[in-house]
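All remarks here apply to the structure that follows.
The values are calculated or read from the model by the stated rules, or taken from the named source; none is laboratory data. What you are looking at is a predicted structure, and each value in this text was computed from that prediction instead of being measured. Just the protein is used for accessible areas: all its heavy atoms, side chains included, with ligands, DNA and RNA removed. Shrake-Rupley method; radii C 1.70, N 1.55, O 1.52, S 1.80 Å.
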Amino acid sequence: MTQEELDALMGGEIDLDSVEEVVSEETEDILAKDETSEAELDSKEDDDTEPAGYGDDTAHHWPLPATDENKMVHQLDDVTKESEEKAGEIFDIIENISNELMEKEEEANKTIDTLTSNIELFKTLTQKFPDVAAFSTSLIQNEEALIAAQTIIETMQNSGDEIMNVMDIMQYQDIHRQKIERVINVMRSLAGYMNTLFEGKIDDSKRVSSAQHIVGDTHNDVASADDIEALLAQFGN
């Protein structure tokens, strides 16, 4: 409220009810402006957490920093090394399982030989002593055990065949490793070519220092000498 409005109010020239309405409207306008300012401030604080123009839709456009975690050849070298180590561990486990199956198969064959001898014996005893029930019962038990042992051997042989198939499939891991190594060699060759392409006859330490500002520049956001050296060192790595 201005001084003139206040004088008019004291002189009775202005209705008090209308003044209250005006003051109420002014108060609401002030509160609304305060809320808008707070919202803009919060929005600005949120924007400060990420670069201008950065968002989920544009994140893939931003290059990652050249650290050990993001260097492409470095990562591919780690992949080939770790995959080769893990593949070797898998082959060792498969080989141990295969060897154990072969040992158990040999033991099962010995058991079959024993059961076969028992069956021949109990057959003879059953024929000579048909009234002795123990001989016929033992004959039946040994025949059932022989069938079970033969089934076990067949299962172990099938498992051995499956293990061989797994080993054949694992050979593709070595092919994949060779493909990745070929990509690495191409990338390294390209990097060497690019370095040679940008190579100069004058050593960088003997070059004339670049001008910080040139006539016609529309801004002063130029890189400092330290920034340029850091960038060159980064490309050199």
Would you mind stating whether Leu139 is in a helix (DSSP H, G or I), of a type outside the set (S, T, N, Q) and open to solvent by less than 90 Å² (accessible area, probe 1.4 Å)?
yes
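Run down Ile112, Ile119, Ile93, Ile97 and say which single residue is part of a helix (DSSP H, G or I) and within 26 Å of the chain's Cα centre (by Cα). First the steps, then the outcome.
Values: Ile112 fails: within 26 Å of the chain's Cα centre (by Cα); Ile119 fails: within 26 Å of the chain's Cα centre (by Cα); Ile97 fails: within 26 Å of the chain's Cα centre (by Cα).
Checking each option against the conditions leaves just Ile93.
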